[in-house]
Structure formats: structure tokens, C-alpha cells
1. Out of GLY160, GLY150, which single residue is farther than 20 Å from SER229 by Cβ and small (Gly, Ala, Ser)?
2. Output the qualifying pairs, or none if there are none: Cβ atoms under 8 angstrom, residues six or more apart or on different chains, first residue in segment 91-118 and of a type in the set (Ser, Thr, Tyr), second residue in a strand (DSSP E or B) and open to solvent by less than 10 Å² (accessible area, probe 1.4 Å).
3. From (1) within 18 Å of LEU127 (Cα to Cα); (2) surrounded by fewer than 18 Cβ atoms within 10 Å (Cβ to Cβ); (3) small (Gly, Ala, Ser), pick out the condition that doesn't hold for GLY67.
4. One residue is enough: does segment 195-204 have a residue meeting the conditions open to solvent by 40 Å² or more (accessible area, probe 1.4 Å), more than 26 Å from GLY102 (Cβ to Cβ), at pLDDT below 95 and in contact with a Gly (Cβ under 7 Å, 6 or more places away or on another chain)?
5. Only residues in segment 28-53 that are over 25 Å from ALA131 (Cα atoms) and open to solvent by 20 Å² or more (accessible area, probe 1.4 Å) count as the first member; pair them with residues that are aliphatic (A, V, I, L, M) and not in a loop (DSSP other than H, G, I, E, B), Cβ under 7 angstrom, at least 6 apart or cross-chain, and list the lot.
6. Name every residue in segment 156-180 that is part of a strand (DSSP E or B) and surrounded by fewer than 17 Cβ atoms within 10 Å (Cβ to Cβ), in order of residue number.
7. Run down LEU8, LEU14 and say which single residue is modelled with pLDDT under 90, over 16 Å from TRP89 (Cβ atoms) and surrounded by 14 or more Cβ atoms within 10 Å (Cβ to Cβ).
8. Answer yes if at least one residue in segment 17-24 is of a type in the set (Ser, Thr, Tyr), under 28 Å from GLU222 (Cα atoms) and not in a loop (DSSP other than H, G, I, E, B), and no otherwise.
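The values are calculated or read from the model by the stated rules, or taken from the named source; none is laboratory data. What you see is a predicted model; the values in this text were computed from it and never measured. Cβ atoms come from the backbone with ideal geometry, glycine included; neighbour counts cover every protein chain shown. Just so you know, the surface numbers come from the protein's heavy atoms only, side chains and all, with ligands and any DNA or RNA stripped out. Shrake-Rupley method; radii C 1.70, N 1.55, O 1.52, S 1.80 Å.
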Amino acid sequence: MEVCIFLLCAMIFLSGIAASVHPVKAFLHHTVHLSCHFPNSQKIDINNLIIFWQKDTSKVVHEVYYGQEKHENLSPEYKNRTKMDMGKWTLQLLHAGVEDEGRYECIIMQKRSEQSREVIHKSECSLHIIANYSQPEIAELHSGELKPNGYLNLSCSSSGGYPEPKEMTWLISYENITHSTTAHMDVSQDAVTKLYNVTSKLNILVPTQRHTNISCLLHLKEQLGSLASVPLGIGRAARRSSRGKLQLDRKAGES
């Protein structure tokens with residue numbers, strides 16, 4: 001009941017307070033630091049303040065009533081996972097998971113009298129979780145020896161990352177010339193961990209006249225850059241054996 005009354009009071013007083021959204025990025029399973037961005041220029045004693053953190057306006061993340069942390073009203077997923085740094089006005093969220101992504105609000109109220117409280121500050125943080133993808137790895141999909149004028153079938157895979165990547169491109173290099181192609185990327189998400197696995201496939205004619213390097217790039221979101229595979233080196237000779245079949249000289253990583 002006390003939480004409901006507080007939220008109602010907050011809704012009444014917040015209309016005149018501007019709030020900006022501060023983006024926060026954190027690695028999976030690390031501790032997240034969410035700041036209230038409260039300057040406290042008037043040097044108000046924390047014993048005269050209520051500090052209230054909520055997620056998506058529906059989940060109680062943390063409460064500090066007049067200098068004392070309260071835990072009985074917290075949403076179940078945040079119990080024993082949060083603590084407040086009173087000196088820095090910062091909330092620590094432990095062992096962050098993908099499900100913790102979203103908007104967090106810090107609401108600060110000042111006690112005016114025994115029956116009166118006034119909202120004096122509000123700020124929002126938008127939390128984005130990051131999990132590192134594995135290095136993309138190229139694999140050959142065909143079996144046996146390749147036929148003359150046949151196709152080389154390759155796949156490139158990366159796993160265990162978050163958020164979902166933008167795309168995967170293939171780079172085919174020979175004689176100081178590089179061609180880039182974007183192929184379809186199959187994406188799957190683990191139902192439990194919420195992490196992504198991605199795979200892309202490439203079919204090209206077998207190089208026969210020149211040494212060729214093939215690599216793939218996984219392009220990530222959130223300005224996180226790209227991940228490159230170890231190049232697959234295909235030797236100059238897609239040479240014929242004595243039986244007339246095609247053989248490849250391939251060295252991973254050769255340039």
C-alpha cells in the first residue's frame with residue numbers, strides 16, 4: 001500500500017520536472033552502475049530524502065527512506081541484487097542479465113513536513129546489455145574431393161552474443177583485390193540465456209588460377225565494431241590429380 005501511495009504522489013508532482021534519458025552499457029553478468037545524476041546543490045541531508053528506483057514504471061528496484069534502505073517492497077528479481085552508494089547517488093545492480101535491459105527511473109522526494117513530500121528530482125537511465133560473440137569460424141560444408149568447375153560451399157558461424165548483430169559479410173581477396181558480399185544470415189536465440197547464434201553460407205566457384213583468401217566479418221550493433229574470422233587460404237592450385245579430380249591446397253590464415 002505504501003508503494004502505491006508513493007507512486008501516486010510521484011505521478012502528481014512529476015509533471016513539472018524535466019527528465020533526460022542517460023544510456024548505460026554493461027557487460028553480461030557484470031555489476032551495473034546507474035546514476036541518479038542528482039547534483040544536490042542545496043546539500044540536502046539524505047535523512048530528509050526518499051530515493052526510489054523503478055524499472056519500466058512497474059517494478060520496484062530499490063528504495064531508500066530517510067537514509068535507510070528498504071527491501072520488503074522490491075520486485076522479486078531485484079532482491080539481494082541492488083545497493084545504493086549514498087555518496088555518489090548511484091545504484092549498483094549486481095550480476096546483470098539480458099532481462100535487466102530497459103528504462104530505470106530515479107525519483108527523489110524531499111520531506112517538507114510530517115504529511116508533505118515534494119518530488120525534487122527525476123532522471124532516467126536506459127540500460128543495454130552486451131555479451132561478446134565468439135570469433136567467427138569458417139567451415140567447409142562439402143565432403144570429398146571437389147569436381148572441376150565445382151563450387152566451394154562454406155559456412156561462417158559465431159555464437160553466444162548479445163544484442164542481435166547487424167549482418168555478416170564475406171571478403172574474397174586475390175591479387176590485391178578484395179570483393180565483399182553480404183549473404184543471408186540465419187539467427188537463433190537461446191530460450192534460456194537469450195543469447196544469439198548466427199550462421200551465414202557462401203557458395204563460390206573453386207579458384208583455379210590464383211591464391212585466394214576468404215574471410216567473414218560479423219558486424220555488431222551499438223557501435224561495437226566488427227569481428228573477423230581467421231582467413232581461409234586456398235592455394236593457387238586447384239590442381240588435377242592423376243584421376244582427373246580437383247584437389248585444393250588450403251592453409252587457414254595464409255595471406
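1. Just one listed residue meets the conditions, GLY150.
2. Correct list of pairs: TYR104/LEU34; TYR104/TRP53; TYR104/LYS55; TYR104/VAL61; TYR104/LEU91; TYR104/CYS125; TYR104/LEU127.
3. Unmet condition: (1).
4. Looking for residues that are open to solvent by 40 Å² or more (accessible area, probe 1.4 Å), more than 26 Å from GLY102 (Cβ to Cβ), at pLDDT below 95 and in contact with a Gly (Cβ under 7 Å, 6 or more places away or on another chain), one finds none in segment 195-204, hence no.
5. The qualifying pairs are PHE38/ILE108.
6. Result: SER159, GLY160, GLU167, LEU171, TYR174, ILE177, THR178, HIS179, SER180.
7. One residue alone meets the criteria, LEU14.
8. no
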